[in-house]
Amino acid sequence: PKWLLKTEYFGAYPSVEVEMLKRGWHVAYLRNINRWGLDEDMDAKKAFADFLHERYRLSTKCVPVGLSAGGLHAIKLAAKHPEMVSALYLDAPALNLLSILNFSGSCPGNEKISEEVLNALNLTLSELISYREHPLDKLPALVANRIPVILVYGMGDKVCPYHENGALLVKAYKDKGIA
């Protein structure tokens, strides 16, 4: 059976999950260590997917559903374990932490979130600038594996502005002639 993996914020804006349940899909969720995409979370999701396949005969591939920081998780999961992803459903995904923390443009930034990100990733501010584990850095793996993406955005999004996040995903696919 087909299934969705909600990557963060279980219960938030559930219209996609509810519609897919009505269509016979399954929905699963595994709580993350934190919302900023640690490798341990990606490996736990892979082990969870394997368990769901072995125990409940769910498909070996799922559709990660990621909203904001959940999009960060979905992208990093697909890059690390492309064999388990049939497509991505991303709603205003956080691709660029520098954008979210207002280092690159129009996001208003938030000192509390900045502190949360740096603590969660065990980085200093200067280390974040050279950090190469942003979802943005994972786009070549998505493109190389030709993972289909459904990208949804509200153009007024101030937390994950499209031109600093989602547009980078679209560009990566278009540059390779996939989109």
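The values are calculated or read from the model by the stated rules, or taken from the named source; none is laboratory data. Just so you know, these numbers come straight off a predicted model, no measurement behind them. Positions of Cβ are generated from backbone atoms using ideal geometry, with glycine treated the same way; all protein chains shown enter the neighbour counts. When the accessible area is computed, the model is the full protein with side chains, heavy atoms only, and any ligands, DNA or RNA have been set aside. Shrake-Rupley method; radii C 1.70, N 1.55, O 1.52, S 1.80 Å.
Observations on the structure shown:
- In the stretch 54-111, the qualifying residues are those that are modelled with pLDDT of 95 or more and among the aromatic types (Phe, Trp, Tyr), and the one that is most open to solvent (accessible area, probe 1.4 Å) is 56.
- Subset of the stretch 1-28 [of a type outside the set (A, V, I, L, M, F, W, C), in contact (Cβ under 8 Å) with a residue 12 or more places away in the chain and open to solvent by 70 Å² or more (accessible area, probe 1.4 Å)]: 1, 2, 13, 26
- Filtered by the rule that a residue be on the phi > 0 side of the Ramachandran plot and modelled with pLDDT of 95 or more, the stretch 20-44 gives a lone residue, 24.
- Sole residue being in contact with a helix residue (DSSP H, G or I) (Cβ under 6 Å, 6 or more places away or on another chain) and within 27 Å of residue 144 (Cα to Cα), chosen from 73, 81, 53: 81
- Where residue 37 falls short, out of the listed (1) within 14 Å of residue 3 (Cβ to Cβ); (2) open to solvent by less than 30 Å² (accessible area, probe 1.4 Å): (1)
- Considering (1) more than 24 Å from residue 176 (Cβ to Cβ); (2) open to solvent by 10 Å² or more (accessible area, probe 1.4 Å); (3) in contact (Cβ under 8 Å) with a residue 60 or more places away in the chain; (4) in contact with a strand residue (DSSP E or B) (Cβ under 9 Å, 6 or more places away or on another chain), the lone condition that residue 121 does not fulfil carries the number (4).
- Among the residues of the stretch 124-160, those that are hydrophobic (A, V, I, L, M, F, W, C), assigned to a loop (DSSP other than H, G, I, E, B) and open to solvent by 50 Å² or more (accessible area, probe 1.4 Å) comprise 155, 159.
- Among the criteria (1) closer than 17 Å to residue 72 by Cα; (2) in contact with a strand residue (DSSP E or B) (Cβ under 9 Å, 6 or more places away or on another chain), the one residue 143 does not fulfil is (2).
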